[in-house]
Amino acid sequence: MKKNVFLLIITTLFATLIFSACSSDQNQTSRADSEQQQQQTELDRAPDFEVTTIDGQTISLQQSLEDGKPVVVYFTASWCPTCARNWPALSEVYPEFDDKLTLVAISIDPTDTEDVIRKLSEERGFTFPSTAGKPEIMIDFGASGQATTVGVDKEGNIAFKKRGEALSADQYRELFAGLLN
């Protein structure tokens, strides 16, 4: 009889311990899921920024949104081979959308001065606005490197992030058109 009572107590304690551990894990998971959803919501909202292009134009997220225009930010670097493959496609497509959305190429390299980007723009025939190195904006957007295209919809939410990809002109057209709808 004592042996049965002892086994019952041990079994009860073991079951209680497992139940509370599972419950604790579930609470931690729920808490982690909640924190992740909050972070995702915060990441979905594009950070405000203002830059001056090599042509002296001021571009800001806030102003573009007030004008009812979505924004495309292309994080680039003068030395980036994938970026170099994207520049012709961006130069081809941008004139088709320049009155409907705001596009700006922002260098992530602080050594990409205004002179470096101006020379690069002239040599490569950029048709899109470009800025000198502003790595802090890339960090604010949660982008992890160059050759990253970020689309911000008319409400100021990040609609897409394409990182490290060489995109064709048609792929850019599709991304840009998606922001307009």
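The values are calculated or read from the model by the stated rules, or taken from the named source; none is laboratory data. Quick caveat: nothing in here was measured; it's all calculated off a predicted structure. A quick note on method: Cβ atoms are made from the backbone with ideal geometry, for glycine too, and the neighbour counts reach across all protein chains shown.
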**Item:** Residue within the range 146-162 that is within 15 Å of residue 71 (Cα to Cα) and assigned to a helix (DSSP H, G or I) present
**Value:** no
**Request:** Could you pull out the residue among 90, 103 that is surrounded by 19 or more Cβ atoms within 10 Å (Cβ to Cβ), modelled with pLDDT of 95 or more, out of contact with any helix residue (DSSP H, G or I) (no Cβ under 6 Å at 6 or more places or on another chain) and among the hydrophobic types (A, V, I, L, M, F, W, C)?
**Result:** 90
**Request:** Can you tell me which residue within the range 40-63, out of those that are surrounded by fewer than 20 Cβ atoms within 10 Å (Cβ to Cβ) and polar (S, T, N, Q), is farthest from the chain's Cα centre (by Cα)?
**Result:** 57
**Request:** Keeping to the range 133-159, report how many residues are crowded, with 21+ Cβ neighbours inside 10 Å and more than 13 Å from residue 73 (Cβ to Cβ).
**Result:** 1
**Message:** Tell me yes or no: at least one residue of the range 45-63 is modelled with pLDDT under 50 and of a type in the set (S, T, N, Q).
**Reply:** no
**Request:** Considering every residue within the range 96-116, establish whether at least one is assigned to a helix (DSSP H, G or I) and under 19 Å from the mean Cα position of the chain (by Cα).
**Result:** no
